[in-house]
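First the structure, in the form of structure tokens, and then the observations on it.
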Amino acid sequence: MPENPTMSDAATQSREAAFHDAWANDTRLEDVLVRECFEAPTALENQFILARMGDVRGKKLLDIGAGLGESSIYFALRGAQVTAVDVSPMMIEKVITLGKQYGVEVEGRVSDGEFLNVPSDEYDVIYLANTIHHLRNRAALFEQMARALKPGGVFFSYDPLAYNPAINVYRRMATRVRTPDESPLTIGDLKLAQKYFSNVGHREFWLSGLLLFVKYYLKDRIHPNSDRYWKRILRETPQTLRWWAPLHALDGMLTRIPGLRWLSWNVVMWGQKPESASNSQKGAPSA
């Protein structure tokens, strides 16, 4: 008998909440890398997003899948009015506590992405980092995002892609630091976003630069279950990355090549809620 979709989604949400509650409980506030998530030399996706996003002072920003609060606090420090949403109650508690430590106020709401517990037509910007690939019903997520945005509002996201065989090996090894329900993005997810947003675009990151992961495993002897590689990269400095810098420069070209770009680790995606129904023609994904 086929699995009931509603029951399946509820079970997924329960597993995700439990996993991220445990992660929040095991993480000290001093270990949450707020500025590094946007300013480290390896924070390629967020630096690209910041350049496209522009000034957020005074804007209402919804951070979906806020996690430990790095992005919520960073945007609040830049003057945004931030609402942090996460399926994990402990993660939201961590965000609020972290905000107090940094001297900023962030509104926190426990909610899953498919049924956002936020007002309609409320936000200028929606931000999602490593969130979409945790959700099964991405059409529902995009619909909820479009509902929450003001007309003309924009979203920015970044998530892993599904196609790189080396990263897929890493995923099979990193079983204790990932949830079993994760599903990296495909080209189909980008096409789906076009149904709900206009001016949809995308940009890929990390191809030859993924040799940094190989270094962690082969040279540094760090098993993927011992440390989250995608967090570890944020502790790198220009001095430790001298050997890696040429690979980053090479990726600037490789990740623009049609076909090859889909072998990248991560994709940044963005789109806009149409100003009005008469202005709702969707754009094709572009770089």
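The values are calculated or read from the model by the stated rules, or taken from the named source; none is laboratory data. These figures come from a predicted structure and were not determined experimentally. Positions of Cβ are backbone-derived with ideal geometry, glycine not excepted, and every protein chain shown enters the neighbour counts. We work out accessible area using only protein heavy atoms, side chains counted, and drop any ligands, DNA or RNA first. Shrake-Rupley method; radii C 1.70, N 1.55, O 1.52, S 1.80 Å.
Values for this structure:
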read-out	value
Hits in the stretch 123-136 - residues which are open to solvent by 20 Å² or more (accessible area, probe 1.4 Å) and either without any contact (Cβ under 8 Å) to a residue 12 or more places away in the chain or within 16 Å of residue 45 (Cβ to Cβ) (or both)	129, 130
Which listed residue is open to solvent by 20 Å² or more (accessible area, probe 1.4 Å), modelled with pLDDT of 95 or more, among the aliphatic types (A, V, I, L, M) and under 17 Å from the mean Cα position of the chain (by Cα), from 43, 51	51
Evaluation of residue 115 against (1) aromatic (Phe, Trp, Tyr); (2) in contact (Cβ under 8 Å) with a residue 40 or more places away in the chain; (3) surrounded by fewer than 21 Cβ atoms within 10 Å (Cβ to Cβ) (one fails), failing number	(2)
Every residue from the stretch 36-62 that is in a loop (DSSP other than H, G, I, E, B) and either within 27 Å of residue 179 (Cβ to Cβ) or in contact with a Pro (Cβ under 6 Å, 6 or more places away or on another chain) (or both)	40, 41, 42, 43
Residues located in the stretch 55-91, provided they are open to solvent by 30 Å² or more (accessible area, probe 1.4 Å) and modelled with pLDDT of 95 or more	55, 57, 58, 59, 60, 77, 78, 79, 81
Residues being in contact (Cβ under 8 Å) with a residue 40 or more places away in the chain and either farther than 12 Å from residue 64 by Cα or under 12 Å from the mean Cα position of the chain (by Cα) (or both) - total across the stretch 140-164	17
Elements of type helices (runs of 4 or more DSSP H) contained in the stretch 170-287, each with 3 or more residues being open to solvent by 50 Å² or more (accessible area, probe 1.4 Å)	245-254
Condition met for residue 151 (in contact with a Pro (Cβ under 8 Å, 6 or more places away or on another chain), open to solvent by 10 Å² or more (accessible area, probe 1.4 Å) and either in a strand (DSSP E or B) or at negative phi (or both))	yes
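So that you can scan it fast, the table gives a plain yes or no per residue for (1) among the basic types (Lys, Arg); (2) touching a Phe, Trp or Tyr at 6+ places or on another chain (Cβ under 7 Å); (3) at negative phi; (4) touching a residue at least 60 places away in the same chain (Cβ under 8 Å):
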| position | (1), (2), (3), (4) |
| --- | --- |
| 81 | no, no, yes, no |
| 84 | no, no, yes, no |
| 87 | no, no, yes, yes |
| 92 | no, no, yes, no |
| 95 | no, no, yes, no |
| 99 | no, no, yes, no |
| 108 | no, no, yes, no |
| 121 | no, no, no, no |
| 138 | yes, no, yes, no |
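One line per residue, one yes/no per condition, for (1) within 28 Å of residue 204 (Cα to Cα); (2) touching a Ser or Thr at 6+ places or on another chain (Cβ under 6 Å); (3) touching a residue at least 40 places away in the same chain (Cβ under 8 Å); (4) aliphatic (A, V, I, L, M):
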{"site": "35", "(1), (2), (3), (4)": "yes, no, no, no"}
{"site": "40", "(1), (2), (3), (4)": "yes, no, yes, yes"}
{"site": "43", "(1), (2), (3), (4)": "yes, no, yes, yes"}
{"site": "47", "(1), (2), (3), (4)": "yes, no, no, no"}
{"site": "111", "(1), (2), (3), (4)": "no, no, no, no"}
